[in-house]
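Just so it is clear, none of the values below were taken in a lab; they were calculated from the coordinates. Everything numeric in this text was worked out from a predicted model, so none of it was measured. When we count neighbours, we look across all protein chains shown, and the Cβ atoms used for this are built from the backbone with ideal geometry, even at glycine.
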């Protein structure tokens, strides 16, 4: 039975989306999508359990009953089971967030479509994570991307459609380059199944076409992952989208694309080829360092809280890339652990910003003045999330920094280790800007009357609960790391060692 | 070797692409994109990809041109000319050079010993005869071996129409008779008043729908299938809408029906898979439908799946048209009513 | 020289792709960018299909009188490209819907004018809700 | 109560006190009694651990395994015991003093003040009992972030700027240098636990040991070594009870305590002594001692002068650790206690003078001794202890420090010690002389109208500072007891 | 008999192709929209018709022949209608014919007012 879990994990949200569209009222659609998200979470949890039962940690499932190289195969090992749990967990929590589609500029009578789009984005991401077929990744990549373009376009304010449009253009270029890369691989080996690719690639590895295929795949996935030079779309997309959407996307879509990059480099091509013969780390290491510093520096000078968090996401992607380019078991564990940790931190922070925008009407830094007294719990969430971003011990940020620096030291890169810690100091600057605004400055009297909004009260429980579930888990997983580090190290060993 | 006809068509294709790049008049550019798709459809037929040619012609020349023209009607007609900058050209030439160096080790065009013809393809060709008995191998592979991909494809078109309806969605109210919509701006005759056009199209629409259904059910034997049929039937309904205006069309084909239709299409496809799951096979394994004769079971499965795709695509095309056309009316009502009712 | 000549159609596909990419990057009109996107995607489809062609092969449809000795082109790229075309039309439809929304929000679809307008009014984090879709 | 429960309760007691303070926030009297009760409970728990540590066993409490190979665990060893006793002991009198000061000076949001106060003490105790570098670093950060609201208590623009300097230096040194050192140690040795005799023996190339020592020494920003000392004078903007407890006892002592613990349990004094790796640290500490004493001379503001004197006294302890000799470490350990009690007396007096006479500048304090005999008397005793004259505890710790210098054949540092004692006379005695032997006289530039008629500070201020002064004297006689407590950590080779 | 069929089909194909070329040249050289559509409609009806006839003669099975006839019927039915719709819309939109003074063309343009009301 546990093999069927794999396909149910994707099919349940996929089939739920059209059903959700038919539901008449907004609350019905919202409850239905939350229920579906929790079902996918349960399925992901049981997949993780089933994976523990198998002896070599891989579950394969042939679709349509056709053996792998001919039919499509779903293949789950520790790496993607870990991602499944993360994505469905984040979805289950973020969907519970209060305003839901109210946060978006949706024509009334169309709210059920908002939840359909969210379910489709979730199904797309789960589809990418579960499948073992290269072309299938492209199909579900497009499903999740199209859903997220339309969700971003729904942001209140005039600039959301433009942000969604530039994300669409760059995202589609990325997707098409990915398609071209898969086509080159198919042309040289004759197969699309990832496991089959691994066995057939070694004897064509020296051809220029395969090097071009790797370059295309890295650039294509790099655009969707917002690696440093290709990240221009991310700040606009996350800052103008509705807060629920940016919380969901910031915590899941870049993470799944990171998993795809790991799968490409470590499973299909093999770390030896990518890092020893091609020396891709000469390019990727400096890029990730620039991302760490550039992202944080840009975040310091932002006037809008969501834009600040978006730029800090660019910096955090730099940390994950650094873990990847260190190409050792600890490095990969560090990258995978930071995937989980960053999702919790960024998801929680964006939801906190959602609470603020719901009350204050905007996320500009000027409006944060003196919020500490009127919205104590939301500002406390911002502070704890900020501490996690800095990497204070007993938070998840510390765990990822711990493993990243270990990985750097293992390869005697003392300078890289020092740079990692220095860049997290930059995080102190922009987190403390927010803290000072919240707690140490008084709201200027003029601003309160002008907007004529009702007086700012603490966010309702419906918004605070999911925020504090995510923010609380940044502490819990900071102290008990057996789930995150345990699974990540098993996944890293599997990816570095024998491969699936 | 004989002079390949493809060379000429490729030259035409390059010429069209260049004109699209250089043209300022966006309507002409939209037309050139249509011609670009038609030319590529011809090239696909020459490369024995008949199904792809059919779809490219139906989608490239048909639907995307309609979409481009309706967007241009709502936005600008001409593009502002901009000074020539070097950076994009340099970047493009650089990427092009890298791609060309990558092609040097590829198997030659049409080389029968290339890895892709040796590894997986023979099984598909032999399997079509042995397990399925379906002449059109492409439809067979599309629906069975890579049925999960096609399910993804249906969900992609479903996502696109949900996205368009979200972005351009108009209120789901019954279109009242009082509203007198005119698609073309004032002063110009409306399409409905062109007697000849109305009579001719009234004659042609049923034929198109008939042809669409033929393509739907003939998909196993010749080029065709759910997707192409959906586009063709959608085009017929859009033609009716163009002639008689959106509100009359919405009375004939109300949008709630279409929304249930598109949901039904996707659910039909997914449901077939779940049915095969419940009957003991793997997901989307049609052989379990008819235990004693797997070939018949697979036939039934492919038919159901193609039906699902057909319904979903038809409704998607019409819904996207509603959203774009609805937006034009919303704009017009907005202008006429001085700020909208 | 002859071993390279056999690759001419891939080069044409690459030139088409580069034209598409150029349109997307250089041109400012958003609709023109979507057209560039269209060309970019059709060229990738062209690449896959020309990869599948077998010299002397016919369309992968079994003739009535049995299929012995008949050489077929590879059906798999055709299947993949059916999906790619669908993805192309879906992306175009969504992109054009966004262009319409941008036109209503900014009154123009020239990217530099939009940046001037958006940049000009600074970080309108506190943007009032724009003309709500009725 | 078993040893493990004692450790857990002694760390949790201040937390309970903190939440009790939060609970009774609305009722000032109930809140203050709750916080004082908490201080007494904590001290009684800590004192029960003392006999077991004296008997030589090391009670240990493993809380949870955060990461494979990294534990959150507590273990009580003599140095930790000493620091815990000092912190919890002085918390009692400071809590009393704080009530008096806050009431006398009618400060704003006192509930928040007492809440973070108790939180800081709980973090200090956790640092004292930490069994490995990870737990030490964890609570070191918690201490930094829990004391930040205390430093910026007034919420004025000046307080915010001071807070920024305070946090900037402390976090950047801890995350930038200390964390790097901890990770490097973990990478080199594979463990983080404190072991008798050090864990680095033979694991690092001799050339790398001084670099690691530098990372540790400068990484613990709270030890206020010269380049990273700016935060201490900046933090003087906080109310006096904060500067008294945190900057004379808990925060700075956490810094030097960590340096001592790392030198003894991570490097091991014999490895340091063998390769003479810590010589550069001696010179750095000596430089800090002398230059901060000279700066203290020039400061007219009483609290600023005391702040710079604290910096030089801290450098004494770092110097003791740098000698890497038994006597040096013992001297350093004892100086933690001596300096704590002495300096807290001085800060209490400064606070009392401020509450009673609203004077902060030394030049305006002529003849104040006649009006505030008890306060200035305690100030006199406290300064004697800081200077290190015999009838008071300070002398013993300086004696051992000089012994340590001699033991390690670096006699020059004996002169440094002597010179700095002279300097400390230079900056403390003028205050006492000005208070008792100068006439009241019209202080120039004072506000017009009658000279401010004031008597002694309120009882709740005077009582704690007298207790502290008595403490200085008691320590002189109890120093043998202290020496016996610390000796085992260096004796057992 | 085979040879006769081949010769006939070649002839139809070449003439059809020639007509298409003529139509193309016409579309290029003629001054304004109206004359151009006239030239284009040649290729649409006669040119394509002849080409289809040529293919008909080549076609083996009767099924293919029937399909070709149906294609030609469809083109005959919709081609001119499309041309008509194009010209009428252009005329309604106010596209001017070259060579004829402007005021002469103003006369019979259908205006909004005299159209039948919505049923």
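Of note:
- Under 14 Å from the residue D:208 label point (7 Å along Cα→beta-carbon), backbone N, region D:151-187: D:180-187
- Its relative contact order, with pairs defined as Cα atoms under 8 Å and 6+ residues apart, puts region A:1-100 at 32 percent.
- Cα long-axis angle, helix D:302-323 against chain D (0 to 90 degrees, to the nearest 10): 20
- Ordering B:327, B:251, A:369, B:146 by the number of other Cβ atoms within 10 Å of each residue's own Cβ, fewest first, gives B:251, A:369, B:327, B:146.
- Neighbour counting of Cβ atoms within 10 Å sorts the residues D:280, D:91, fewest neighbours leading, into D:280, D:91.
- Based on C-alpha pairs under 8 angstrom that are at least 6 apart in sequence, chain D has a relative contact order of 15 percent.
- Residue list for region A:465-500, given a label point 7 angstrom along the Cα-to-Cβ vector of residue A:56 and an amide N cut-off under 19 Å: A:490-500
- Förster radius 60 Å - calculated FRET efficiency between residue A:277 and residue D:52, Cβ distance, rounded to 0.05: 0.45
- Range of Cα positions in chain E per principal axis (Å), largest first: 62, 41, 13
- Ranked list, fewest to most other Cβ atoms within 10 Å of each Cβ, for A:435, A:274, A:256: A:435, A:274, A:256
- If R0 equals 41 Å, the separation of the Cβ atoms of residue E:38 and residue B:218 corresponds to a calculated FRET efficiency of about 0.60.
- Gyration tensor verdict on region A:69-183 (Cα atoms; rounded if a/c is under 1.5, prolate if a/b is larger than b/c, oblate otherwise): oblate
- Modelled spin-label separation between residue B:205 and residue E:63, with each label point placed 7 Å from Cα along the Cα-to-Cβ direction: 3.2 nm.
- Rounded to the nearest 10 degrees, the angle from helix D:373-387 to the longest Cα principal axis of chain D is 30 degrees.
- Global geometry of region D:1-271, whether rounded, prolate or oblate, following the gyration tensor of its Cα atoms and the 1.5 cut on a/c: oblate
- Normalised alpha carbon radius of gyration of chain A [divisor 2.2 N^0.38 Å]: 0.93
- Rounded D (µm²/s) - the protein assembly as shown, Kirkwood Rh over Cα pairs, Stokes-Einstein at 37 °C, 0.692 mPa s: 89
- Estimated purely from DSSP H runs of n ≥ 4, each contributing -39500 (n - 2.57), the mean residue ellipticity at 222 nm for chain B is -22000 deg cm²/dmol once divided by its residues.
- In chain D, the DSSP-assigned H stretches of four residues or longer account for a calculated mean residue ellipticity at 222 nm of -24000 deg cm²/dmol, using -39500 (n - 2.57) per stretch and the full residue count as denominator.
- Extending 7 Å from the Cα toward the beta-carbon at both residue D:158 and residue E:6 defines two label points whose distance is 11.0 nm.
- Distance between modelled label sites at residue A:475 and residue B:118, nm, 7 Å Cα→Cβ extension: 6.3
- Prolate/oblate/rounded label for region A:235-302 (Cα gyration tensor, a/c 1.5): oblate
- If R0 equals 35 Å, the separation of the Cβ atoms of residue A:205 and residue B:111 corresponds to a calculated FRET efficiency of about 0.95.
- Only Cα pairs under 8 Å and 6+ residues apart enter the sum, and on that basis the relative contact order of chain A stands at 15 percent.
- Inter-chain neighbour count for E:83-95: the average number of beta-carbon atoms from partner chains within 10 Å of each residue's beta-carbon is 3.
- Residue with peak Gaussian network fluctuation, chain B [Cα springs, cutoff 10 Å], from B:105, B:293, B:149: B:105
- Per the Debye formula on identical point scatterers at the alpha carbon atoms of region A:272-326, with no solvent, log10 I(q)/I(0) at q = 0.15 Å⁻¹ is -0.45.
- Tilt relative to chain A, helix A:111-130 - C-alpha long axis, 0 to 90 degrees, to 10: 30
- Residues within the reach of a label modelled at residue D:370 (point 7 angstrom out along Cα to beta-carbon, backbone nitrogen below 13 Å), restricted to region D:411-435, are D:435.
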